[in-house]
Amino acid sequence: MEKKPLDTLISKNGLWVSRNGRLHGVKKCETSQKYIRIEMDCGDIVTVRNSKNSRSARALRNHKFQKPCKHCRLSDDRINEFSRKISRKDEAEIKIVRSFRLPPEKPAEPVTVPAEAIENNKPATNIQNHIHNEPRAGITADSSTNHRSNLKPDKSSSSPSKPKKTFQPHQAKSKKTEFTSLQKNRILSLLGPGEMISFSKEKRSFAELESTLTLQRKKDIREMYEDSRENLLGKLERTITEFFVDMGFLEVKSPILIPFEYMERMGVGEDKKLSEQIFRVGDNMCLRPMLAPGLYNHLRKFDNVLPDPVRIFEIGPCYRKESDGNSHLEEFTMLNFCQMGSNCTRDELEYLIKELLDFLGIEYRIEADSCMVYGNTIDVMHKKMELSSAVVGPIPMDMDWGVNKPWIGAGFGLERLLKAKHDFKNIKRAARSEAYYNGISINL
């Protein structure tokens, strides 16, 4: 018989067997990655490991207990139902798995060959294709057959004028194409923030347009050197640091190389899809894909040391194996801030988000969402791009980190903040890069 984990057994029976063998009714059960917090009908609360081989799991699996708890007031029907054991015969019947083989497909019906095909002496291979190939959506079988015949006209009916009439529109369209796809990508990379171009209306040649944009980008870089010499990503990090320090938050710096066990505590195990995005280092370590593990550890250690509420934040690099896109990077910079203790409400969280984004001059809106790690979340959106995911705790995962107080927190991607603030077309213009500086191409 397959051994089920403890939380599954509790959910199935709605009962709990304590160490002294007492049978309790379960009023509430919260499950984290490793632990279960159980509140019983009698009011007792216990926190135990979610194990398949524990004494409690064996007792629930084998329906064994000494006597019911008198304070839980379990009905005789519930006690008798739990006490009833499954016989070996029933167990054997449950394990039987029947497999059925799908019936063979019906043979294809004979197809009547049109008289036109016989007259034109079409080869047999075309008829086979007609039988086995399904027509595409919106195109009938007859139209697909005619399309094949147009591509390979019969030699007897070929004439110099017909091919010219058939392909003349395509030839005209190819003559209008002035830029290749590689040339378009090169021109788009040379455009500055806020600049746009219409290739269909552009009259200059590729060489003229590339030369003009290259000279303009060189001028922009020289002006940046004369004005500030500050990298926008570094400047934004310093600006945000100053903001949160003034708001009473303590800045922390946690390691970038972390144990993979931290990610398992965050609910990202080997069987989770997100684990495929993690850069592993050896068997037990990884590059952090998020800042939350370090903040959890700091909250636990600063509790009862710092004044209530505990307020901390961190800005630093994170790493994930992301697919290419306008809003994703494999190396990105995160800001996470959190507050634990008193006044940890949604209103306080939205107030902190508003103060930050108003300070940075970025428009936003708030939407409700959910994620695998935190459950229900508050998403901060700029147009169609997600700037942040915010959470109001506590959540069941807190038990695995030794945190037992209410908290609020949010995480922002700094590159996304820059993309929103400066209207960059691609997030790579805001990232750590050797191709762009402050959103301007340096491949000149």
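Per atom type, region 249-394 shows carbon and sulfur on 50% of its accessible surface, probed at 1.4 Å. Projected label points at SER54 and SER181, each 7 Å from Cα along the beta carbon direction, are separated by 5.6 nanometres. Here region 20-81 has 40 percent of its accessible surface on carbon and sulfur atoms, given a 1.4 Å probe and all protein chains in place. Model label sites at SER342 and PHE199, defined 7 Å from Cα along the beta-carbon direction, differ in position by 6.2 nm.
Computed from backbone phi with θ = phi - 60° and the Karplus coefficients 6.51, -1.76 and 1.60, the 3J(HN,Hα) list for region 249-258 is 8, 9, 7, 10, 10, 10, x, 7, 8, 10 Hz; x is used for glycine and proline.
The distance from the alpha carbon centre of region 242-309 to that of region 332-381 is 17 Å, rounded to a whole number.
Anything over 19 Å Cα to Cα? Flag those among LYS253/LYS354; LYS384/LYS428; LYS383/LYS419; LYS4/LYS273, in the order listed.
Beyond 19 Å between Cα atoms: LYS253/LYS354; LYS4/LYS273.
Model label points for ASP227 and PHE279, set 7 angstrom from Cα along the Cα-to-Cβ axis, are 3.2 nm apart. Protection proxy ranking of 310-318, 214-222, by the mean of other Cβ atoms within 10 Å over each peptide's residues and highest first, is 310-318, 214-222.
Can you tally the net charge around LEU74? Count Lys and Arg as +1, Asp and Glu as -1, for every other residue whose Cβ sits under 11 Å from the Cβ of LEU74. Provide the component values of the computation, followed by the final result.
Details: positive: ARG22, LYS67, LYS70, ARG73, ARG78; negative: ASP41, ASP76, ASP77, GLU81.
Overall, the nearby charge balance is +1.
If R0 is taken as 25 Å, the Cβ-Cβ distance between ASP423 and SER211 corresponds to a FRET efficiency of 0.50.
Between the DSSP loop rule and a limit of at most 15 other Cβ atoms within 10 Å, which trypsin sites (Lys or Arg not before Pro) in region 241-291 are left?
LYS253
Annotation: per residue accessible area for region 312-444 equals 44 Å², rounded to a whole number [probe 1.4 Å, protein chains only].
The values are calculated or read from the model by the stated rules, or taken from the named source; none is laboratory data. For clarity, every value in this text was computed on a predicted model and none was experimentally measured. As a convention, Cβ positions derive from the backbone with ideal geometry for all residues, glycine included, and neighbour counts pool all protein chains shown. For accessibility, only protein heavy atoms count, side chains too; no ligands or nucleic acids. Shrake-Rupley method; radii C 1.70, N 1.55, O 1.52, S 1.80 Å.
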